[in-house]
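**Student:** Before I ask anything, here is the structure I am working with.
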Amino acid sequence: MAQAPVPQRAKTAIPRNPGRHELGMKATLLFPNKEIVEQFYVPLVYTACRTCYSELEPQEIFRRAVEGEVAPASMQRLISNVIESGHGSTIEHIVFTFALSGVSRTLSHQLVRHRAGVAFDQQSQRYVKFKGAATMLPATIAEGDPELRDRYQHQVDGALGLYGELLEAGVPGEDARFVFPNATRTNLVMTTNLRALIHMSGLRLCTMAQWEIRRLFQLIRHEVFSVSPFLGSFLAPKCVPLGYCDEFNNRDEHCPIRPHKDNVLAAWAQQRDAAKAARRDLPVR
Ligand SMILES: Cc1cc2nc3c(=O)[nH]c(=O)nc-3n(C[C@H](O)[C@H](O)[C@H](O)COP(=O)(O)OP(=O)(O)OC[C@H]3O[C@@H](n4cnc5c(N)ncnc54)[C@H](O)[C@@H]3O)c2cc1C
């Protein structure tokens, strides 16, 4: 059966960058610092990779790596090859701990859906009695119809006001919090190994991700870059290492970072048919 044509949208270059707006959220790398990363992180991952291919004991591989007997470029080359081959357990040996503050509950609900290789602790709405709960204002509302923006603000302020009244009336915080909007800001501590961080970044730096969580992962990538441009370079939208986009909603390629897989396969089929017609083999590249 013929497939319905994909409706064409104008190509917009990379969709709206949430980084243009100051969102009032912060992501800070608490651990490790640059010295620890430089001294131990690359040698640790190198040791995990090298152990698979060496007669040497891991103790000796690690010693050579931390004592400068292995050129950093050759450690990085091995690590890159192993990561690109998908041997992910080697990068589960190193972790990063972030303080995340001022993000909305809309964001945190998405973030904590990640389960493998990541730990979260989040500010409690049961134990904390909020005197001045802060909220997030999306740019589309802030810059949109002023009347709608006022109504939004009124609604949010009203909910927070009612929360205070409920507390004053003796309603416990765990029940009063039911009036909080998704816009309410929250704080978390997140620890993740590098494999999980690359996976999460692949999904959340993608232009199909929601703007706020995309901005958070831009901040996270910036933090990792500041301690290791090498390790930071693995944090990219998933299409970058894949070489193609697999997002259903980008079949029209309005995000141009990588071609959509349907178009890659169509181009391949065209080449295959042309090669068949000319009775020759498909070119290898
Ligand atoms: C753009 C976008 C839109 C989304 N929209 C929605 C939505 O509308 N509704 C909704 O509910 N969610 C939505 N999500 C959330 C999404 O479905 C995932 O729950 C979330 O991204 C966590 O990713 P993950 O499943 O890869 O889990 P992670 O915990 O990050 O897992 C990492 C990897 O480990 C493996 N793994 C983890 N746990 C298991 C397991 N139990 N069994 C087997 N393998 C496992 C998988 O390979 C997985 O990819 C959306 C996510 C994105 C990025």
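The values are calculated or read from the model by the stated rules, or taken from the named source; none is laboratory data. Here the structure is a predicted model, which is why all the values come from computation and not from measurement. Note that we place each Cβ from the backbone using ideal geometry, even for glycine, and neighbour counts take in every protein chain shown.
**Student:** Is it the case, given these coordinates, that C239 is in contact (Cβ under 8 Å) with a residue 24 or more places away in the chain, farther than 25 Å from F120 by Cβ and either within 13 Å of the ligand (Cβ to nearest atom) or touching a Ser or Thr at 6+ places or on another chain (Cβ under 8 Å) (or both)?
**Tutor:** Yes, satisfied.
**Student:** Sort out which residues of segment 219-235 are under 12 Å from the mean Cα position of the chain (by Cα) and surrounded by fewer than 17 Cβ atoms within 10 Å (Cβ to Cβ), and write them in order of number.
**Tutor:** H222
**Student:** Only one residue in A196, A183 is at negative phi and within 16 Å of the ligand (Cβ to nearest atom). Which one?
**Tutor:** The match here is A196.
**Student:** Report those helices (runs of 4 or more DSSP H) wholly inside segment 122-177 carrying at least 1 residues which are in contact (Cβ under 8 Å) with a residue 60 or more places away in the chain and surrounded by 11 or more Cβ atoms within 10 Å (Cβ to Cβ).
**Tutor:** Per the criteria, 139-142.
**Student:** Quick test of your reading of the structure: T186 fulfils all but one of (1) more than 15 Å from V103 (Cα to Cα); (2) in a strand (DSSP E or B); (3) in contact with a Gly (Cβ under 9 Å, 6 or more places away or on another chain). Name the failing condition by number.
**Tutor:** Status for T186: all satisfied but (1).
**Student:** For V156, work out the one condition from (1) among the β-branched types (V, I, T); (2) away from the ligand (no atom under 16 Å from the Cβ); (3) in the same structural domain as V227 (by TED's automatic domain parsing) it doesn't fulfil.
**Tutor:** With respect to (1) among the β-branched types (V, I, T); (2) away from the ligand (no atom under 16 Å from the Cβ); (3) in the same structural domain as V227 (by TED's automatic domain parsing), V156 is out only on (3).
**Student:** Quick check: is even one residue across segment 58-78 acidic (D, E) and closer than 22 Å to A196 by Cα?
**Tutor:** No, segment 58-78 has no match at all.
**Student:** Out of all the residues in segment 45-62, which are of a type outside the set (A, V, I, L, M, F, W, C) and within 32 Å of the chain's Cα centre (by Cα)?
**Tutor:** Y46, T47, R50, T51, Y53, P58
**Student:** Also: Can you run down the residue pairs with Cβ atoms below 7 Å, 6 or more apart or on separate chains, where the first is in segment 92-118 and closer than 16 Å to Q210 by Cβ and more than 15 Å from the ligand (Cβ to nearest atom) and the partner is part of a strand (DSSP E or B) and aliphatic (A, V, I, L, M)?
**Tutor:** L100/A27; L100/L188; L100/M190
**Student:** Among the residues in segment 93-111, are any over 18 Å from the mean Cα position of the chain (by Cα) and closer than 27 Å to L188 by Cα?
**Tutor:** Yes; the residues of segment 93-111 include at least one that is over 18 Å from the mean Cα position of the chain (by Cα) and closer than 27 Å to L188 by Cα.
**Student:** Looking at (1) farther than 30 Å from Y46 by Cα; (2) in contact (Cβ under 8 Å) with a residue 24 or more places away in the chain, which one does A274 not meet, given that it meets all the others?
**Tutor:** Failed condition: (2).
**Student:** Does I213 satisfy the condition of being in contact with a helix residue (DSSP H, G or I) (Cβ under 8 Å, 6 or more places away or on another chain), in the same structural domain as H87 (by TED's automatic domain parsing) and hydrophobic (A, V, I, L, M, F, W, C)?
**Tutor:** In short, yes.
**Student:** Does T192 satisfy being touching a strand residue (DSSP E or B) at 6+ places or on another chain (Cβ under 9 Å) and surrounded by 12 or more Cβ atoms within 10 Å (Cβ to Cβ)?
**Tutor:** yes
**Student:** Is it true that L219 is touching a residue at least 40 places away in the same chain (Cβ under 8 Å), within 16 Å of the ligand (Cβ to nearest atom) and closer than 24 Å to Q125 by Cβ?
**Tutor:** Answer is no for this residue.
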